[in-house]
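The values are calculated or read from the model by the stated rules, or taken from the named source; none is laboratory data. Quick caveat: nothing in here was measured; it's all calculated off a predicted structure. Please note: Cβ atoms are built from the backbone with ideal geometry, for glycine as well, and neighbour counts cover all protein chains shown.
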Amino acid sequence: MAEEAFVSEERAVDTQWGMICSQLKMEFGETAFDSWLKPLTVGDFNNGVMNICAPTAFMKNWVVTHYSDRISKIWEQQNPEIKKINFVVHTGFSNRRTTDTSLLKKISSTPTPQNIYGGNINSSSFGLVAGSALANDASKNPANATFPNPNYTFENFVVGKTNEFAYAAAKKVAESKNVSFNPLFLYSSVGLGKTHLMHSIIWHIKKNNPDRNVIYLTAEQFVYKFVKALRYKDTTAFKEQFRSVDVLMVDDFQFMGNKGTTQEEFFHTFSSLVEEGKQVIIAADKSPTDLEGIEERLKSRLVGGLVVDIMPTDFDLRMGILKKKAELMNIELPSKVAEFLAQKITSNVRELEGSLKRVAAHSLLLSGKEITLDMTQDVLKDMLRSIDRKTTIDEIQKKVAEHFNISVKELQSSRRARTVARPRQVAMYLAKQLTSRSLPEIGRKFDRDHTTVMHAVRKVEELIVEDQNLAENIEILRRTLEN
Ligand code: ADP
Ligand code: MG
């Protein structure tokens, strides 16, 4: 209510901003708009310079890298008096509208970084990277406005033992005019940098050989486009599009799927490009031989080039990546915190980066509060708890055996004596509770079938209610296993 008093008269620029906001919302979608653009407010307008205020430095930087070009362009069209748009940080109370505090809630409760930062590029970008073709495509599809991702460059890719070969291969393909290996097939599990390397290749080519025609798309987009072309009986145009290309990049190739005609089409496109000496680059979550639903002849062509995998990160690489990302985000990351994150978050780089972004967002939204180990542990507590939950069945067996003073062998044996059978049931129960293993998987670890495990789980659930002593024992075990 109080801030209404400040809005004494609506300036022309405020009205224009309202219209621009509607346009931005349409172009970038509601989620991105709500997270990044809604909190912006219009500041002073003097001598052709318009100030746009963001509530934090972090948001300002984000808006500058991702949206400022578009905002400036729309505004110039609306109001020729505006010569320049300046993004500034304006913390605290805005004299126009208060900042949107729901953002803070959203950021701190969002589980994954992709959600916070507005979607995954893979699902939305089809990039025709050739002179004006890119611009046209981007303007038709606003999700492409940041394609290729400005952060996904070779300079920003941290090289370590587990990815140096993939990096070298990508670099070589990007740099050489002559095709040295065809195709280049990159594979790894999720979040280890395949898409990053693909975009880095595009950046490199855009910069050094802007005449080369590059098409980047995901296998899903290939399938979609082909099916559409079939439906509209327009396969000639579809084929033409790929024929004129110098470099064809297909990301997430595992989604090429079982589609007979589409795969056939891809096979022909691929073969003719390779024969003409055009570079093909493919990324997938499995090696060509392990890909499911892919025809043998296509698989054998895929292994005909260079197949490179990216292995899971090691501690040193995780430290390097954290340092680099902190630098890019322009935040001060104490080495204690970096070490903690590098030790705890080992699954993949996306999650590592996500945790860093959450901590950074938290610190910056709380007006630049210093990042400390305590704060990190607090901000990430749900995530850390679920990581700690990754208790293994082996550990459970070991701890339970120790606790009841029997051996792991006995626990796994077929002995039915109560002194062994009860701990065995407890171990099965804890395995079900503390791991994400299925009943048959748990059963296998005890040399039993899944019905025995199911029975054990039920039995223990009943006993916990009746038998205080057993309930306490289980609680102690649970606590030691979760720590
Ligand atoms: P993939 O395509 O293998 O699933 P991405 O390329 O999307 O993985 O990478 C996930 C995130 O991790 C991206 O933000 C990317 O920048 C980052 N990343 C992965 N590997 C590295 C690396 N070696 N150096 C810097 N950032 C990396
Ligand atoms: Mg990817």
Worksheet item: Looking at Val250, is it within 16 Å of ligand 2 (Cβ to nearest atom), surrounded by fewer than 19 Cβ atoms within 10 Å (Cβ to Cβ) and under 30 Å from Glu164 (Cα atoms)?
Response: no
Item to complete: Scan region 245-285 for residues that are over 20 Å from Phe181 (Cα atoms), of a type outside the set (D, E, K, R) and in contact (Cβ under 8 Å) with a residue 12 or more places away in the chain and jot them down.
Response: Gln254, Phe255, Met256, Gly257, Asn258, Thr261, Thr262, Gln263
Worksheet item: When Thr261 is evaluated against the numbered criteria (1) away from ligand 2 (no atom under 16 Å from the Cβ); (2) buried (at least 20 other Cβ atoms within 10 Å of the Cβ); (3) hydroxyl-bearing (Ser, Thr, Tyr), which criterion, by number, is the only one it fails?
Response: (2)
Worksheet entry | Selected residue [more than 16 Å from ligand 2 (Cβ to nearest atom), surrounded by 18 or more Cβ atoms within 10 Å (Cβ to Cβ) and at negative phi] from Thr218, Thr162 | Thr162
Worksheet, complete the sentence: Here, strands (runs of 3 or more DSSP E) confined to region 232-337 with at least 3 residues that are more than 16 Å from ligand 1 (Cβ to nearest atom) and hydroxyl-bearing (Ser, Thr, Tyr) are none
Worksheet item: Within the bounds of region 190-204, is there any residue that is farther than 28 Å from Ile321 by Cα and more than 16 Å from ligand 2 (Cβ to nearest atom)?
Response: no
Worksheet entry | Exclusive hit being away from ligand 1 (no atom under 12 Å from the Cβ) and modelled with pLDDT of 95 or more, set Phe165, Phe181, Phe147 | Phe165
Worksheet, complete the sentence: Scanning region 53-69 residue by residue, those in contact with a Phe, Trp or Tyr (Cβ under 7 Å, 6 or more places away or on another chain) and either modelled with pLDDT of 80 or more or among the aliphatic types (A, V, I, L, M) (or both) turn out to be Ala54, Met59, Lys60, Val63, Val64, Tyr67, Ser68
Worksheet, complete the sentence: Of the candidates Met50, Met1, the one satisfying the condition of being among the hydrophobic types (A, V, I, L, M, F, W, C) and modelled with pLDDT under 75 is Met1
Worksheet item: Take the residues of region 264-296 that are out of contact with any Gly (no Cβ under 8 Å at 6 or more places or on another chain) and small (Gly, Ala, Ser): which is surrounded by the fewest Cβ atoms within 10 Å (Cβ to Cβ)?
Response: Gly277
Discussion item. Restricting to region 185-205, and then to whatever is of a type in the set (Ser, Thr, Tyr) and assigned to a helix (DSSP H, G or I), can you tell me which residue is farthest from ligand 1 (Cβ to nearest atom)?
Written reply: Ser200
Worksheet entry | Count - residues of region 212-244 that are among the acidic types (Asp, Glu) and in contact (Cβ under 8 Å) with a residue 24 or more places away in the chain | 1
Practice prompt. Kindly check whether there is at least one residue in region 381-393 that is closer than 28 Å to Val337 by Cα, free of Cβ contacts under 8 Å to residues at least 40 places away in the same chain and crowded, with 16+ Cβ neighbours inside 10 Å.
Written response: no
Practice prompt. Name the residue, out of Arg318, Arg301, that is under 30 Å from Val214 (Cα atoms) and either among the charged types (D, E, K, R) or within 16 Å of ligand 2 (Cβ to nearest atom) (or both).
Written response: Arg301
